[in-house]
Amino acid sequence: MSKRILVIGAGFAGMWSALAAARLLDQVGRTDVEIALVAPAPELHVRPRLYEQNPNGMKAPLQEIFKAVGVRFVQGVVERIDVEGRQVHVQGVGADANVASRQTLDYDRLVLAAGSRLFRPQIPGLDAHAFNVDQIADAAQLEAHIAALAQRPASAARNTVVVAGGGFTGIETAAEMPARLREVFGDSADVRVIVVERNSDIGPDLGAGPRPVITQALRELGVTWKLGSGVAAVDAEGVTLESGERIDAATVVWTAGARASALTAQIPAERDSFGRLHVDSHLRVKGVDTVYATGDVAYAAVDDAGNFAMMSCQHAMNLGRSAGHNVAADLLGQAQIPYSQPKYVTCLDLGPWGAVYTEGWDRQVKLVGAEAKALKTKINTEWIYPPSANRAEALASADPLRIVVA
């Protein structure tokens, strides 16, 4: 192949970038451009569902889709990006992770879609004693831990879960916990789930709109919260808050925030406080002509009103479609399409109680309870999953003008 588009990452943004680039190549009949995608495995990890049970089942295979549309999958982990030399250095994974498995891939255009990772501040004991639901392996470890609690002597601490962080992930995780604990200890068990949030309100980033619904749901589920003081230390028996208060708990789940992939630091360009690269309306990294950023690594305007994409699958899917189309269009001299996603919605799972669905950046509540839960279930089990391996259907679904709200 005379030219190569290289995509880093097989998450929502990376997968859709590769498919959208393939769509444009197919439309213009170009066969002299290779699309290659680098990731540890040819599968989409459905991270928005990792607060649910059975996290090991939250993945979708991608190899057949990639084969159908002509995307070459390269298994490995990117160690270094050489922007000046237009090269990416890749280390093999698994049984092939040895010196011989290292390879260097040249590119004409690069799409960085490496996603984000849970933010872990330097809190004593956090890494050693706290669980999380950031990646599949992390969520599976938490699930195994909860199941194993049944083997411990009964105590208030055994029956207590502290969820550190009262944002989107923290609320969804906390709402699931009472029922999960009672599955282990019995329906009559006295369980405690406590959300610890440094801010003065639960769901500080979700705004005032859905908060009454959230607090009602959590109360009815038996979840309580402590506000205005974050976690100062974690140990094997619980947490100590910044206020000095002690909470004994056998289970601590850290959910407080995310940061863009560390690979963004290898791109010589401006980044925001979350590590995201500043991009233009076509998702090209500002000041770096050959690199595009998308998904959780992109600081991208969604409209003309001053709103920017969130680190969420809702935005990553459409950011990916736009980045893939535009990187291919740039390489081929075709028209680019400015990224725009003015409609913003939130659908927050509230466990057995239901869910809450809002529209707009001011989060006006539109659905609650069972109705919102039905929508959340459709989003989680249908809308965010990859298309079929049928070539025509897969390419059609990658249209950058096909805005999906999920």
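A compact table of results
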read-out: Count - residues of the range 79-93 that are open to solvent by 20 Å² or more (accessible area, probe 1.4 Å) and more than 12 Å from residue 38 (Cα to Cα); value: 7
read-out: Looking only at the range 13-29, and only at residues there that are out of contact with any strand residue (DSSP E or B) (no Cβ under 9 Å at 6 or more places or on another chain) and not hydrophobic (A, V, I, L, M, F, W, C), the one that is surrounded by the most Cβ atoms within 10 Å (Cβ to Cβ); value: 23
read-out: Lone qualifier among 79, 64 - being acidic (Asp, Glu) and more than 30 Å from residue 392 (Cα to Cα); value: 79
read-out: Failed item, numbered, when residue 157 is tested on (1) in contact (Cβ under 8 Å) with a residue 60 or more places away in the chain; (2) in a strand (DSSP E or B); value: (2)
read-out: Any chance residue 327 is open to solvent by less than 10 Å² (accessible area, probe 1.4 Å), of a type outside the set (D, E, K, R) and either touching an Asp or Glu at 6+ places or on another chain (Cβ under 6 Å) or in a helix (DSSP H, G or I) (or both); value: yes
read-out: Residues located in the range 195-235, provided they are in a strand (DSSP E or B) and without any contact (Cβ under 8 Å) to a residue 60 or more places away in the chain; value: 195, 196, 197, 223, 224, 225, 226
read-out: Residue in the range 172-191 that is over 17 Å from residue 53 (Cβ atoms) and either in a helix (DSSP H, G or I) or basic (Lys, Arg) (or both) present; value: no
read-out: The range 241-274 - residue that is without any contact (Cβ under 8 Å) to a residue 40 or more places away in the chain and open to solvent by less than 50 Å² (accessible area, probe 1.4 Å) and, of those, farthest from residue 169 (Cα to Cα); value: 269
read-out: So residue 114, is it small (Gly, Ala, Ser), part of a strand (DSSP E or B), modelled with pLDDT of 95 or more and crowded, with 16+ Cβ neighbours inside 10 Å; value: no
read-out: Residue list for the range 1-35, filter: part of a strand (DSSP E or B) and more than 22 Å from the chain's Cα centre (by Cα); value: 3, 4, 5, 33, 34, 35
read-out: Check on residue 47, charged (D, E, K, R), surrounded by 22 or more Cβ atoms within 10 Å (Cβ to Cβ) and at pLDDT 95 or above; value: yes
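Here's the yes/no breakdown for (1) of a type outside the set (Phe, Trp, Tyr); (2) modelled with pLDDT under 95; (3) closer than 20 Å to residue 118 by Cβ:
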site	(1), (2), (3)
152	yes, no, no
171	yes, no, yes
205	yes, yes, yes
228	yes, no, no
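The values are calculated or read from the model by the stated rules, or taken from the named source; none is laboratory data. Just so we're clear, the structure is a prediction, and the values are computed from it rather than from any experiment. Note that each Cβ is placed from the backbone with ideal geometry, even for glycine, and that neighbours are counted across all protein chains shown. Just so you know, the surface numbers come from the protein's heavy atoms only, side chains and all, with ligands and any DNA or RNA stripped out. Shrake-Rupley method; radii C 1.70, N 1.55, O 1.52, S 1.80 Å.
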